[in-house]
1. Excluding the sites themselves, what is the longest stretch of the chain that contains no GluC sites (Glu not before Pro) in a DSSP loop with at most 12 other C-beta atoms within 10 Å?
2. In percent, what relative contact order does the chain have, based on Cα pairs under 8 Å that are 6 or more apart in sequence?
3. Over the range 362-473, calculate the relative contact order: mean separation of alpha carbon pairs under 8 Å at least 6 apart, over the residue count, as a percent.
4. If amide H atoms are built 1.01 Å from N in the plane of the peptide, which residues on other chains or at least 5 residues away come under 5 Å of the amide H of T272?
5. Using the Kirkwood formula over every pair of different C-alpha atoms, what hydrodynamic radius in Å results for the chain?
6. Collect residues whose amide H, placed 1.01 Å from N in the peptide plane, falls under 5 Å from the amide H of V438; neighbours closer than 5 in sequence don't count.
7. For the range 16-89, what mean projected area does the convex hull of the alpha carbons give, in nm²?
8. Just to check I understand the Karplus step: with θ = phi - 60° and J = 6.51 cos²θ - 1.76 cosθ + 1.60, what whole-Hz values come out for the range 74-81, glycine and proline as x?
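Every number in this text was worked out from the coordinates using simple rules, so none of it is lab data. A quick note: this is a predicted structure, and the numbers were derived from the prediction, not measured. Here Cβ is always computed from backbone atoms with ideal geometry, including for glycine, and neighbour counts include all displayed protein chains.
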Amino acid sequence: MNESWLPSIDAGFGTLHQQLLQALREAIAAGQLVPEQQLPTHRDLAQRLGIGVGTVTRAYAEAERIGLLTSTVGRGTFVAHAASSMRDSNPNGYRDAPAGVVDLSLNLQSLDLAAERIAEALARLPLRPNFAANLTAAPHAGIDWHRQTLAGWFRQAARFDGIDWRRLLVTTGAQHAMSIVVATLCRPGDVILTEAATFSGFRALADHRDMRCVGVAMDGEGIEPGALEAAITTTGSRTLYVMPTLQNPTTRSMSRHRREEIVRIARAHDLTLIEDDVYTPLAFALDGQPTDLVPLASLAPERTCYVSSASKAIAMGVRVGILVAPDAARFDRFTQTMRADCYAASSIASLLVCQLIKDGQADGILGAVAQEASLRMALAQRMLGSAIEPPSFPTSLHAWLPMSELWAERVANGALRRDVILSPPASFQVDGALTSGVRLCLNAVSRPDLDRALRAVRSALADEIMPGRLAVV
């Protein structure tokens with residue numbers, strides 16, 4: 001028996017049994033626990049930690065279910081053989097990367113925070129009296145109950161008071177929603193205005209459809225109103241893709257006044273807004289956040305195509321998004337595009353998310369994701385100090401290090417030499433002369449790997465850009 005192993009319980013991470021399960025994952029990922037190593041008995045570990053035996057039993061059972069542990073009556077509980085391969089190739093269920101390499105390029109939440117609750121919700125789905133109705137062909141916009149439930153959740157989580165479920169389409173994630181809007185309203189050769197640094201997925205979408213993104217200068221609140229008006233005049237564009245809250249990659253958010261200015265300009269120039277609001281639920285998940293920020297779709301419902309999803313709030317793999325049309329005519333056009341594109345989004349996936357919403361588990365997962373994100377952001381700020389631009393909300397999944405385009409490429413290359421993968425800075429830069437930098441995705445790897453990666457980034461910064469002058473704590 002390994003009585004020497006005593007996990008550190010992190011009060012900032014979920015329930016007690018989730019904290020213990022996380023400690024098991026991290027100990028295996030770090031090699032502190034190895035295959036065939038025996039663990040303390042349920043009672044012994046409970047006594048040493050000062051927690052209930054049932055809590056240890058539940059954590060051990062969950063660890064056995066996902067392949068970390070094995071147990072035999074009369075012999076005890078042991079680290080599973082398969083755990084070594086999980087440690088080497090995919091620790092904690094995080095994104096695959098080459099052995100010894102830490103990937104900070106994918107902007108996901110800490111996946112294990114939702115795993116148990118989603119597994120429980122999946123087990124309950126067949127018990128629903130209307131379960132079979134979700135197995136047939138769904139209406140193109142989605143099943144009405146799903147649309148109503150999702151609208152209710154985003155009304156609360158994103159402060160979108162004016163959301164109308166009758167103009168809401170259920171999509172296969174936010175990327176799908178954006179694709180529907182662009183395919184329906186834009187044509188090859190069109191110019192779409194964006195922030196000077198923007199979401200790489202939207203850039204890829206525009207490139208794929210032979211459309212050109214033109215970057216608009218940014219300040220600490222995102223797009224500058226004067227620069228937007230100048231870009232409209234110069235390009236003749238009538239479409240703006242924008243992320244007003246926790247903008248990716250810069251983490252900046254528009255104030256209420258800035259949102260009203262953008263809406264004023266949009267109305268004056270008959271601009272259609274594609275509002276990407278995927279991070280807003282995270283921004284408002286913790287207490288004490290501003291209460292006057294609302295989506296652009298609330299301020300200008302007649303011209304805003306509202307896009308969001310459950311992927312950042314719950315888990316990427318659920319792939320459930322929403323698209324709210326500005327009016328009935330464009331709702332009908334979006335529905336026609338949906339029919340031609342994929343007929344309808346998955347009813348089972350949307351049923352799962354609606355089950356989590358009805359059970360209150362969606363809010364629980366969102367709160368845990370936000371809490372974990374804030375802890376990781378605090379760690380990044382301690383490690384990298386003034387190199388990080390303070391995020392507009394502490395619950396951002398990513399951090400932004402502003403610097404010139406040349407230095408950003410050099411820092412990314414320096415990190416790669418230290419076995420840390422960062423997004424290529426050019427992937428989200430529309431106009432590197434206006435806004436450029438390095439983005440760090442903080443939540444898609446284990447905590448030990450994050451700590452190691454941040455040290456590597458700090459070293460790359462010191463070597464590549466500011467030798468001897470990096471301000472860190």
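1. Values: sites that count: E3, E36, E302.
Maximal segment without exposed cleavage sites: 37-301.
2. Details: 879 pairs, mean separation 92.0, N = 473.
19 percent.
3. After rounding, I find 32 percent.
4. Residues meeting the criterion, in which the H sits 1.01 Å from N, are T239, L240.
5. 23.6 Å
6. Sorted by chain and number, the residues that satisfy this are L401, M403.
7. Convex hull of Cα atoms, orientation-averaged projection: 4.5 nm².
8. x, 10, x, 10, 10, 5, 6, 4
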